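The values are calculated or read from the model by the stated rules, or taken from the named source; none is laboratory data. Because the structure is predicted, anything quoted here is derived from the model rather than measured. All Cβ positions, glycine included, derive from the backbone under ideal geometry; neighbour counts span all protein chains shown. SASA here: full protein model, heavy atoms, side chains in, ligands and nucleic acids out. Shrake-Rupley method; radii C 1.70, N 1.55, O 1.52, S 1.80 Å.
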Amino acid sequence: MSVSDAQIIALLQAGKRQGMNALFDRYYKPLVVFADDLLHDLPEAEDTVLEQFVKLWEKELYEHIHPNALSTFLFTIVKNACMNQITKKGLPYLLDETVIETVLAAVRKLPEKTQQVVQSVMCQGHSYQETADELEVSINTVKTLLKAGMRELRSELEEYKKMFLLFMLYPQDFQ
């Protein structure tokens, strides 16, 4: 018998163990698959999901979850936990040279000025003002070129959505 998210939340709020059992039965496997897709390490993915379940229970996070948002909440906390682990380890352990070269090739396809802006802001961490000064253009030009460049990269790397997300989060690792 399938238990709805609203019923799971109600059982958790009532302090019933059945709530955690139902939560585990419904979400553990999909969350582990999701975490493994990010971490590329099944045992670590399993540990991450279990840690988030424990945190949900011990900190009574379920008290603040709307019943219609349980799935979104769970996937978000697991994604954040995975991203924190990636940050601690550093991104390069997840990427091989082929992946990095794919992103860099997409950046190299951009028009020259757009490429310079994307590299300056995203890869070198320069501010808009620093980039504008360096390239001798206005801040508005930097913003316009960056927006166009990121739109083009998003399109170019569409089949690599996760890689593009990692580029957005950790651009310094793609230098």
Options Phe34, Phe73; residue that is under 22 Å from Glu158 (Cβ atoms), under 20 Å from the mean Cα position of the chain (by Cα) and not acidic (Asp, Glu): Phe34
Top-ranked residue of the stretch 3-46 - restricted to ones that are open to solvent by 60 Å² or more (accessible area, probe 1.4 Å) and outside any helix (DSSP H, G or I), ranked as nearest to Val78 (Cα to Cα): His40
Matching option when the condition is of a type in the set (Asp, Glu) and modelled with pLDDT of 90 or more, among Glu63, Glu136: Glu136
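Would you tally the residues in the stretch 48-83 being of a type in the set (A, V, I, L, M), outside any helix (DSSP H, G or I) and without any contact (Cβ under 8 Å) to a residue 12 or more places away in the chain? Step through it out loud before you land on a result.
Quick first cut of the stretch 48-83, residues of a type in the set (A, V, I, L, M) only: 49-50, 54, 56, 61, 65, 69-70, 74, 77-78, 81, 83.
After this cut, where a residue has to be outside any helix (DSSP H, G or I) as well, the list is 65.
Next, only the ones that are without any contact (Cβ under 8 Å) to a residue 12 or more places away in the chain stay: none.
Residues flagged as of a type in the set (A, V, I, L, M), outside any helix (DSSP H, G or I) and without any contact (Cβ under 8 Å) to a residue 12 or more places away in the chain within the stretch 48-83 amount to 0.
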Neighbours by Cβ (under 8 Å, 6+ apart or cross-chain): first from the stretch 3-31, in contact (Cβ under 8 Å) with a residue 24 or more places away in the chain and closer than 10 Å to Pro67 by Cβ; second of a type in the set (A, V, I, L, M) and open to solvent by less than 50 Å² (accessible area, probe 1.4 Å): Asp5/Leu70; Ile8/Ala22; Ile8/Leu23; Ile8/Leu70; Ile9/Ile65; Ile9/Leu70
